[in-house]
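As structure tokens, the structure follows; a few thoughts come after it.
The values are calculated or read from the model by the stated rules, or taken from the named source; none is laboratory data. Keep in mind it's a predicted model, so treat the numbers as computed, not measured. Positions of Cβ are backbone-derived with ideal geometry, glycine not excepted, and every protein chain shown enters the neighbour counts.
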Amino acid sequence: MINKVITKGEFEKFISGIIDANETIGPKQVDTDRDGKPVYQFRQVKSFGEMDLDYTITYSSVKNFFLPFREELSRFDFSEKDWDQTVEYRVNPRAIIGVRPCDINALNILDKVLIGGAYPSPYYLARRRNTFLVGMDHEPLEDCFCESLGQDTVHRGFNLFCEDIGDKYYLTIMSSKAFRFLENVKVTDPTKEDDIKFHERRKRLRDMFKTKVEMTGLQSVMDIEFKSPVWKKWGDKCLNCGSCAMVCPTCYCYGIEENIDVGLKSSRKERVQYSCNLVDFAEVAGGHNFRPLKEDRLKYRYYHHYRGFAQNGDEPICVGCNRCGRACLAGINPKDVINELQLES
Amino acid sequence: MDYKVPKQDINTDPLLSKSPDFNRKSAVMKTDKVYKCEIINIVELTEFEKLFRLKIADRTERELFDFRPGQFAMLEVPGFGEVPLSITSSANNKEYIELCVRKAGRTTEVLHQARLGTKLGLRGPFGTSFPMEEMAGCNILLIAGGLGLAPLRAPIYWASENRNQFKEVHVLYGTKEPAQMLFTYQYGEWEKVNNIKLHTIVEKGDSDWKGRTGLITELFDEVTIDPQNTYVIVCGPPVMFKFVCHHLNGEGIPMNRMFVSLERRMHCGMGKCCRCMVGSTFTCVDGPVFDYWSVLNLKEAI
């Protein structure tokens, strides 16, 4: 890790260089919501000016660029009485600019699950290795609670991270690629004054968090409150639409679909993002459903996110972005559910 | 120095050129590459269950498919889907493997139409197994309900092939009706050749049925259990093993000597898709074989 500072003018030159040489994805305003507030998404960009780097939060997370909603795992080509399977990992180098700390932390969690555990996913690995990631800090929204989960700052999982210290960015360089790219522009070593500004910036951002979620001892509380009426209360509201999982930066559960092409000569096996709140998530052949009730399914998602599962070392996988809370049509959000659970026990 | 992000092509990784070895869980490999195999025999066991004998075409892949009793495989029917099936043949058999398939969904229905010579895909073996070596010197009690006999056939083969290592071997088997009994053609061999005591019961008999009728737990009166020298393997519907394990726990069999095999929906078999989660545990990686203590600790297991 090497720290440097760069003026905002030089930074624009630097990012423009990356955009000109690579397929680049950045935050852009794509719409306005019913209150007239801007809606941001990560989209392919062709110039620096196209991006809104001071965006609040993107509606969907960058997860979708590593775990696309639908992805071909392999294909079968049929012949007379036989078939051949082809497996290919797509590796198109690209850059993603302006990713927030919580979203990078989310990728680090996905790394643990999808690369670190049993049977590493080569599909995910190929995409992660071929992505140049530039992170940026930001002012939290009123309902962000990543600070409660310790996910408001990030120290790995990116190539370059930029913290806004006024007329300059305080850079954390984490890869030789980023270091070499920065040789094209003027960067300087941070002065004592820059360091002080960096600390002031971090403290100011930390003090801005208004939403707190009580995480103390939550894992054992989840186990003890497995039969709590809190689950039924919130489960009854749930519409089983799966929106929370679609916008979540760490939800990775999926289903496999296999479809024969219209020409009947080949078929595709695809991974499709799924949600544990969808009714048939745990249904087995023959029709038995291991989670028949809405509350079972809602609880399961919270259990996965805050109790943590085997492959993520029993750590919560939520990063506190509250995308699920904003997307939920039924008004369910982690802060209310968890704080209610914590008070009850 | 230009700004080009270099391409890292993992398709050329030497580990990916080889056939995947599913017994090496953490090594990078083609996780979704199947072993091609051919159906070399089909036995119609009941109206709904067929036994498929499969031979892996490639010799290297045949050797890589080295499984232990209790493990499962993902069977691919190209164009239709993939299903998790427990391996029901002998772990010693390196020539072919057998899978017992109930017609229960879209893929298995297609599979039931397959003929000899059909080419299928196989991934595995996956999951935990029964600790057969640890059981040596003791009695084994195998308890199966319905289709649950299929996963128990592998440990039955193990016990038969290493019969001198075990004391008494009992199989307790119950189904709803006599017509649903699986592997009936092997019962004589198990009893006469392998000295395995088979106890059967059905919930509802027919005119030909001369055996007992009732629930599987009633068969316990036929077996004298030595709790300190007995290992138990249970496989069947959740409601069955709840009662069976509760009874055996009362008999004084240590919880870490009672094993159950759980069934859940699976899409990947590799601890990724999360469809088979029980509480906070993957059935595919941490199971399907669990000891009774672990099962009691799993939320939503029973």
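Summary of values
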{"quantity": "Residue list for segment B:179-213, filter: part of a loop (DSSP other than H, G, I, E, B) and either exposed (fewer than 13 other Cβ atoms within 10 Å of the Cβ) or not assigned by TED's automatic domain parsing to the domain that holds B:Leu248 (or both)", "calculated": "B:Val193, B:Lys204, B:Asp206, B:Ser207, B:Asp208, B:Lys210, B:Gly211"}
{"quantity": "Members of segment A:272-292 that are facing chain B (nearest Cβ under 8 Å) and either more than 22 Å from A:Cys324 (Cα to Cα) or outside any loop (DSSP other than H, G, I, E, B) (or both)", "calculated": "A:Glu283, A:Val284, A:Ala285, A:Gly286, A:Phe290"}
{"quantity": "Count of residues meeting criterion [more than 14 Å from chain B (Cβ to nearest Cβ) and over 26 Å from B:Arg265 (Cβ atoms)] in segment A:215-255", "calculated": "6"}
{"quantity": "Any hit, segment A:135-148, residues being of a type in the set (A, V, I, L, M, F, W, C) and more than 25 Å from A:Asn64 (Cβ to Cβ)", "calculated": "no"}
{"quantity": "Members of segment B:250-276 that are aliphatic (A, V, I, L, M) and more than 7 Å from every other protein chain (Cβ to nearest Cβ)", "calculated": "B:Ile253, B:Met255, B:Met258, B:Val260, B:Leu262, B:Met266"}
{"quantity": "Single residue of segment A:65-120 satisfying the filter (of a type in the set (S, T, N, Q) and under 20 Å from A:Val272 (Cα atoms)) that is farthest from the other protein chains (Cβ to nearest Cβ)", "calculated": "A:Thr86"}
{"quantity": "Residue list for segment A:145-195, filter: within 14 Å of chain B (Cβ to nearest Cβ), closer than 27 Å to A:Asn322 by Cα and either not hydrophobic (A, V, I, L, M, F, W, C) or not in a loop (DSSP other than H, G, I, E, B) (or both)", "calculated": "A:Asn159, A:Leu160"}
{"quantity": "Selection count where residues are charged (D, E, K, R) and without any contact (Cβ under 8 Å) to a residue 60 or more places away in the chain, scope segment A:74-99", "calculated": "6"}
{"quantity": "Some residue of segment A:218-232 being in the same structural domain as A:Glu12 (by TED's automatic domain parsing), of a type in the set (Lys, Arg), out of contact with any Ser or Thr (no Cβ under 9 Å at 6 or more places or on another chain) and assigned to a helix (DSSP H, G or I)", "calculated": "no"}
{"quantity": "So B:Leu248, is it touching a strand residue (DSSP E or B) at 6+ places or on another chain (Cβ under 7 Å), surrounded by fewer than 24 Cβ atoms within 10 Å (Cβ to Cβ) and either among the aliphatic types (A, V, I, L, M) or part of a helix (DSSP H, G or I) (or both)", "calculated": "no"}
{"quantity": "Answer residue from segment B:3-35, given it is within 8 Å of chain A (Cβ to nearest Cβ) and outside any loop (DSSP other than H, G, I, E, B) and is farthest from A:Asn92 (Cα to Cα) among those", "calculated": "B:Leu16"}
{"quantity": "Residue check, A:Asp77 among the charged types (D, E, K, R), surrounded by fewer than 13 Cβ atoms within 10 Å (Cβ to Cβ) and over 20 Å from the mean Cα position of the chain (by Cα)", "calculated": "no"}
{"quantity": "Qualifying residues in segment B:100-120 (those that are facing another protein chain (nearest Cβ under 9 Å) and either within 10 Å of B:Leu85 (Cβ to Cβ) or aliphatic (A, V, I, L, M) (or both)) - the one surrounded by the fewest Cβ atoms within 10 Å (Cβ to Cβ)", "calculated": "B:Ala104"}
{"quantity": "Qualifying residue in segment A:90-112 (condition: under 30 Å from B:Pro78 (Cα atoms), out of contact with any strand residue (DSSP E or B) (no Cβ under 7 Å at 6 or more places or on another chain) and crowded, with 22+ Cβ neighbours inside 10 Å)", "calculated": "yes"}
{"quantity": "Any hit, segment A:43-54, residues being surrounded by fewer than 16 Cβ atoms within 10 Å (Cβ to Cβ), under 19 Å from the mean Cα position of the chain (by Cα) and under 21 Å from A:Gly320 (Cα atoms)", "calculated": "yes"}
{"quantity": "Unmet requirement for A:Ser61, which otherwise passes all of (1) in contact (Cβ under 8 Å) with a residue 24 or more places away in the chain; (2) surrounded by fewer than 18 Cβ atoms within 10 Å (Cβ to Cβ); (3) more than 14 Å from every other protein chain (Cβ to nearest Cβ)", "calculated": "(2)"}
{"quantity": "Count of segment A:17-42 residues which are over 20 Å from the mean Cα position of the chain (by Cα), buried (at least 16 other Cβ atoms within 10 Å of the Cβ) and either polar (S, T, N, Q) or away from every other protein chain (no Cβ under 12 Å) (or both)", "calculated": "1"}
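So that you can scan it fast, the table gives a plain yes or no per residue for (1) within 24 Å of A:Leu114 (Cβ to Cβ); (2) crowded, with 24+ Cβ neighbours inside 10 Å:
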residue	(1), (2)
B:Ile253	no, no
B:Met258	no, yes
B:Val278	yes, no
B:Val285	yes, no
B:Trp293	no, no
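Okay, residues lined up against (1) surrounded by fewer than 21 Cβ atoms within 10 Å (Cβ to Cβ); (2) at pLDDT 95 or above; (3) of a type in the set (Ser, Thr, Tyr):
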{"site": "A:Leu141", "(1), (2), (3)": "yes, no, no"}
{"site": "A:Cys144", "(1), (2), (3)": "no, no, no"}
{"site": "A:Asp152", "(1), (2), (3)": "no, no, no"}
{"site": "A:His155", "(1), (2), (3)": "yes, no, no"}
{"site": "A:Phe158", "(1), (2), (3)": "no, yes, no"}
{"site": "A:Cys162", "(1), (2), (3)": "no, yes, no"}
{"site": "A:Lys168", "(1), (2), (3)": "no, yes, no"}
{"site": "A:Met174", "(1), (2), (3)": "yes, yes, no"}
